[in-house]
Each structure stands twice: as structure tokens, then as C-alpha cells.
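All of the numbers you see were taken from the coordinates with simple rules; none came from a lab. Just so we're clear, the structure is a prediction, and the values are computed from it rather than from any experiment. Please note: Cβ atoms are built from the backbone with ideal geometry, for glycine as well, and neighbour counts cover all protein chains shown.
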């Protein structure tokens, strides 16, 4: 494996050296290279995909946070605040992404557990209208984020294949390709986790007499939630 990585690095460096040291006489060939490696020419637009993936992740993060606050105990909220404080203090981007994922997964696990609690379901029968709207709209946005993620996975897979199957794209867009793969991993995790939450929340919302209406189309607009989303 080490030898393969070394060989790929050498080839990658050699190609980059050739590209960046071409003389003016080779400008026409460079134009061809740039055209072949452009996202538009291959039908792949990784930047647009990554922007949509980030928006979906943001919607899931915010809506899961809203649902978490609606059902979590004080102890669970305090533990979550500690994790968020650690995230706030972290400067490394990779570590930040890891912490964000841990926070969302922890909130989702808590939502799933608490929503099934019989005592909480009894308490939900006495929620006021403000809290009912909060939970209903948060649930809707949560399902919308999940629906967006499910729509984006095939799109991201096509883009990743389009880049990797073109030798020029695979080299020039190598770092972008890695970001696409990371986004696909995150989106797949969203789909896996959100199904559990949606199933768990429906009995709780029924007990509170809240319409558990999920989003039906990925292009629908998120609902406004008091406190901001």
C-alpha cells in the first residue's frame, strides 16, 4: 500500500509539474486540458453538489437540535452544551467536522430514546400550542433534510464517478473528489439515522395531538421555527 501511495504521489507531482511549467507554445494544449477537466464539460458540478449537501446537513443539524431541546432532560442538555462548547473552542477544521457529526448523532440517539418514553408521551398531552408548533415544524424540517439527502446521494455518486473515470479530472480535481466522497459519507449517515427518529417521533407527536406531516418533495422550503433555523 505504501509503495502504491508513493508511486501515485510521484505521478501526481509529475503531471502537476508538467502542467504548470508548460511554455506559451503549449498554451493551446493547456486550453484543451482545462476544457476537458472543467466540471461543465463532464456534466459534473462538484461545487454545486457540495453546496446542496452542506445545506441539507445544516437543515438536519438545526432541526435535530430543535427536536432535541424539546424532549431532552436537563442532564442531557447540560452534556450537549459541553460538547458544543468544545466545538466552539476547536480551531482544526477536521476536528470540527468530527465534533459536529458526533453532536448530531448524539442528539438523534437521544431523540429516538426519549420519544419512546411513556412518561414523556404523557407530558406531551399537556404541551402548549407554541411548543406543538415548534415540534411540528422541526419534525417537518427534519424530514425535509432527510429527503434532500436521499436525493443528493445518487447525484453525488454520479459526480464522483464522472470525475474519477476521467484521468485528467481525477488528477486536477483530486481534492474536490475527496470532498464529494466525504459529503456522500455524511449524507448516507443522515439517511440511516433519520429513519429511526421519524419512526420514534410519530407516537410522541400523536400523543401531543401534533400532525406528523413529513415533507413530500426535496425542493420544498423549510418552515420557520421560533428561535431560528
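Sorted from fewest to most neighbouring beta carbons within 10 Å, what does the list 158, 114 look like?
In increasing order of surrounding Cβ atoms, one gets 158, 114.
How far apart, in nm, are the 7 Å Cα→Cβ label points at residue 74 and residue 116?
2.7 nm
I need 84, 94 ordered by Cβ neighbour count within 10 Å, fewest first.
94, 84
I want to check the label-to-label distance for residue 191 and residue 47. Put each point 7 Å from Cα in the C-beta direction and report it in nm to one decimal.
Output for this residue pair reads 2.7 nm.
Using a Förster distance of 25 angstrom, determine the FRET efficiency expected from the C-beta separation of residue 157 and residue 95, and round it to 0.05.
Once rounded, the FRET efficiency stands at 0.35.
As an exercise, take the mean of 1/r over every pair of distinct alpha carbons in the range 47-191, invert it, and state the Kirkwood radius in angstroms. Let's see the in-between values first.
Numbers: mean 1/r = 0.0591 Å⁻¹.
Kirkwood hydrodynamic radius for the range 47-191: 16.9 Å.
Please provide three numbers in whole Å: the alpha-carbon extents of the range 65-123 along the principal axes, with the largest listed first.
If we take the Cα atoms of the range 65-123, the spans are 43, 16, 14 Å.
For the pair residue 55/residue 175, report the inter-label distance in nm, with labels modelled 7 Å from Cα in the Cβ direction.
2.5 nm
How high is the relative contact order of the range 45-207? Use alpha-carbon pairs under 8 Å, at least six apart in sequence, and give a whole percent.
Computed value for the range 45-207: 41 percent relative contact order.
Ranked by Cβ crowding within 10 angstrom, fewest neighbours first, how are 58, 134 ordered? Present the calculation step by step, with values, prior to reporting the outcome.
On the way: 58 14, 134 20.
In order of increasing Cβ crowding within 10 Å: 58, 134.
Kindly give the semi-axes, whole Å and largest first, of the ellipsoid equivalent to the range 130-200, taking each as the square root of 5 times a Cα gyration tensor eigenvalue.
Calculated on Cα positions only, the semi-axes equal 34, 10, 9 Å.
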